[in-house]
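*Asks:* Just dropping this structure here.
Coordinate-derived values only; no laboratory data. All values derive from a computational prediction rather than experimental measurement. In this analysis, Cβ positions are derived from the backbone assuming ideal geometry, glycine residues included, and neighbour counts consider all displayed protein chains.
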Amino acid sequence: MGELVVGAYLKLRLGCAFVDYNVRPPGGGLEGLGELDVVGLDPDTGRAYLCEVTTHIGGLLIVSNAETVQRVRKKHATQRNYAAKHLKAFPNVTFMFWSPVVPVGFLTRELAKIEGLQLVINEEYTRRVAELQELAGSKAHDAGNDFFRALQILEHLRR
């Protein structure tokens, strides 16, 4: 579900004409194992968004704090490699990490040190979902994203 949240934001707020999920580099082999959770492309502006998404409701933690940071760094390296090899036609690439609940302290400090990675965590994640909620209240067309459609239904309920 977290990927659909991000996909809705890329499409409806950032204007991506194409949004794809669980994208694997072509060619297979070991490189093909490193998937990208969400990729958004806007060919008209030359913008691309590569997003890692971790939706742990109880808080981001993979084994340990240090291991969590290491895995996010590795995913960011996968994003950068993918962009360098496959998105040469997109001069503006943004790398993002989305997670609704990240414990403030070690994790937020260390994740903020990852150069070139935009964090959409905690309050920023909430703010962006709120933008989608507001948009859902003013739109009735089906945007082709199940998360956004659910927001539309909730926003248009008769009270």
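*Asks:* Which aspartates and glutamates have a Cα less than 14 Å from the Cα of residue 75, not counting those fewer than 8 places away in the same chain?
*Replies:* 31, 35, 37, 52, 67, 115
*Asks:* Which length gain, in nm to one decimal place, applies between residue 118 and residue 86 when the Cα-Cα distance is subtracted from 0.36 nm times their residue separation?
*Replies:* 9.5 nm
*Asks:* So if we plug the beta-carbon distance of residue 142 and residue 110 into 1/(1 + (r/R0)^6) with R0 = 25 Å, what FRET efficiency do we get, rounded to 0.05?
*Replies:* Result of the calculation: an efficiency of 0.05.
*Asks:* Given points 7 Å out from each Cα along the Cα-Cβ axis, report the residue 14 to residue 57 separation in nanometres with one decimal.
*Replies:* About 2.6 nm separates the two model spin labels.
*Asks:* Where does the longest stretch of the chain lie that holds no GluC sites (Glu not before Pro) found in a DSSP loop with 15 or fewer other Cβ atoms within 10 Å?
*Replies:* Answer from the scan: 36-114.
*Asks:* Right, another one. May I ask you to compute the full-extension gain from residue 77 to residue 24, defined as 0.36 nm times their residue separation minus their alpha-carbon distance, rounded to one decimal in nm? List each step's numbers first, then the result.
*Replies:* Details: separation 53, 0.36 × 53 = 19.08 nm, distance 1.40 nm.
In short, 17.7 nm is gained.
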